[in-house]
1. Within the stretch 124-168, count every residue that is polar (S, T, N, Q), in contact with a strand residue (DSSP E or B) (Cβ under 6 Å, 6 or more places away or on another chain) and within 16 Å of the ligand (Cβ to nearest atom).
2. Right, A205: within 16 Å of the ligand (Cβ to nearest atom), modelled with pLDDT of 95 or more and in a loop (DSSP other than H, G, I, E, B) or not?
3. Being over 24 Å from E132 (Cα atoms), away from the ligand (no atom under 14 Å from the Cβ) and either more than 14 Å from the chain's Cα centre (by Cα) or assigned to a loop (DSSP other than H, G, I, E, B) (or both) is true for just one of G249, G229, G239. Which residue is that?
4. Enumerate the pairs (first residue in the stretch 203-231 and closer than 20 Å to H44 by Cα; second residue anywhere and of a type in the set (F, W, Y)) with beta-carbon separation below 8 Å, excluding pairs fewer than 6 apart on the same chain, so at least 6 apart or on different chains.
5. I'm trying to understand the selection: among the residues of the stretch 176-193, which are part of a helix (DSSP H, G or I) and either touching a helix residue (DSSP H, G or I) at 6+ places or on another chain (Cβ under 6 Å) or within 8 Å of the ligand (Cβ to nearest atom) (or both)?
6. Would you confirm whether or not the stretch 11-27 contains a residue that is assigned to a loop (DSSP other than H, G, I, E, B) and touching a helix residue (DSSP H, G or I) at 6+ places or on another chain (Cβ under 6 Å)?
7. Looking at (1) open to solvent by 60 Å² or more (accessible area, probe 1.4 Å); (2) closer than 22 Å to S265 by Cα, which is the one condition that is false for L154?
8. For A112, are the conditions met, namely being within 12 Å of the ligand (Cβ to nearest atom) and either aromatic (F, W, Y) or modelled with pLDDT of 95 or more (or both)?
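The values are calculated or read from the model by the stated rules, or taken from the named source; none is laboratory data. Note that the coordinates shown come from a computational prediction; the quantities given were computed from them, not determined experimentally. Cβ coordinates were reconstructed from backbone atoms using ideal geometry, including for glycine residues, and neighbour counts include every protein chain displayed. The protein model used for the area step is the full one, side chains on, heavy atoms only, and it has no ligands, DNA or RNA in it. Shrake-Rupley method; radii C 1.70, N 1.55, O 1.52, S 1.80 Å.
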Amino acid sequence: MFAVTAARQDASDPLSGLELGEHAEPAPPDGWTTVTVRAAALNHHDVWSLRGVGLAADRLPMILGCDAAGVDEDGREVVVHAVIGDPAVAGGDETLDPRRSLLSERHDGTFAERLAVPRRNLVPKPAALTFEQAACLPTAYLTAYRMLFDRAGLEPGATILVQGAGGGVATALILLGRAAGFRVWATSRSEAKQARALELGADQAFESGARLPERVDAVMETVGEATWGHSLRSLKPGGTVVVCGATSGAMPAADLNRVFFLQLSVVGSTMGSRDQLARLTTFLEQTGVRPVIDRTLPLTQARDGFAALIDGNVFGKVVFTL
Ligand SMILES: NC(=O)c1ccc[n+]([C@@H]2O[C@H](COP(=O)([O-])OP(=O)(O)OC[C@H]3O[C@@H](n4cnc5c(N)ncnc54)[C@H](OP(=O)(O)O)[C@@H]3O)[C@@H](O)[C@H]2O)c1
């Protein structure tokens, strides 16, 4: 079958290790099943894998991709939950299983014609969503859902700041946050992306690092070093920064004086549970919110999608179709 793999890793030239071509069919073990992939979304995770972060070199070649929507062995339309973990060892939340992995870390990922996954990782795809829209949910939209509705401890009406408005998680945060009744402010380095953030429903958009009209209840942080200082400075006393990623670097100055003096909370967040993915699909059905797709490409043109994401030249998700 056709697949897109990480064949080699290079921290400074991630595209050099990307290979497109024939790959062995999946062989699902007991309790697993095969999904025929109809659409798969690209995430920064796939670029990190090519750079050598989060994917062990001895597992190469590895089919990339965390996100997919497709058809199961019984012909049902499904969304694939990307977290491979055991909820029973982690108080019912597989994201807290110390042995959990994401598709494409230990098991082949979704950028292929067919994919093997545990049966429990299949969630029904709502008919109201296209395969392309549904493929955006398992990583970026689920991560945004958990940040906003589980980890941030917010009530509707709170003001949140979303850093790096153009990103896949960031656009999801704007859409879901707005639909849930938060006042949403966003930053971006690009004026065009600030304008798009307003179109999506952000109440105000600012240049990265700009002084805000007032401090916010919570900051949603995916950018890392480039925005971390601004995130801490933007919080009200007692505020929370929820961090799920660090695209620009993971070692900013901690600014501990500010953290303890203003009694700030720094909260990590990763992916979401299968049950949260199911609730997210209902949330989209009920609110009418639909994922923002920057571009849709056939999987055979995956290299172009990777290049756009690496260049930061996207607003919303890049989706591959089969
Ligand atoms: N923990 C999890 O479960 C989880 C899940 C999903 C993603 N992530 C992580 O979250 C991060 C974002 O993921 P994504 O897929 O949304 O990535 P993305 O689409 O590449 O978004 C990154 C955004 O960050 C901003 N940015 C990048 N470099 C910057 C810089 N030097 N200065 C200021 N802003 C910068 C850009 O926003 P502007 O151009 O608008 O400024 C860009 O659009 C990644 O690191 C990813 O690995 C983690």
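1. First pass over the stretch 124-168, keeping only residues polar (S, T, N, Q): 130, 133, 139, 143, 159, 163.
Next cut, in contact with a strand residue (DSSP E or B) (Cβ under 6 Å, 6 or more places away or on another chain) only: 159, 163.
Still in the list and also within 16 Å of the ligand (Cβ to nearest atom): 163.
Residues that pass the stated criteria total 1.
2. Numbers: within 16 Å of the ligand (Cβ to nearest atom): yes; modelled with pLDDT of 95 or more: yes; in a loop (DSSP other than H, G, I, E, B): no.
When the stated conditions are applied, A205 does not pass them.
3. Values: G249 fails: away from the ligand (no atom under 14 Å from the Cβ); G229 fails: away from the ligand (no atom under 14 Å from the Cβ).
Within the list G249, G229, G239, the selection yields G239.
4. Short answer, once both residue conditions are applied: E221/W228.
5. Taking the stretch 176-193 as the starting set, the residues that turn out to be part of a helix (DSSP H, G or I) are 176-179, 191-193.
Within the stretch 176-193, L176, G177, A179, K193 meet the criteria.
6. Here is the first cut: in the stretch 11-27, the ones assigned to a loop (DSSP other than H, G, I, E, B) are 11-13, 23-27.
Now restrict to residues that are touching a helix residue (DSSP H, G or I) at 6+ places or on another chain (Cβ under 6 Å): 11.
Yes: the stretch 11-27 contains one or more residues that are assigned to a loop (DSSP other than H, G, I, E, B) and touching a helix residue (DSSP H, G or I) at 6+ places or on another chain (Cβ under 6 Å).
7. (1)
8. Numbers: within 12 Å of the ligand (Cβ to nearest atom): no; either aromatic (F, W, Y) or modelled with pLDDT of 95 or more (or both): yes.
So A112 fails the test.
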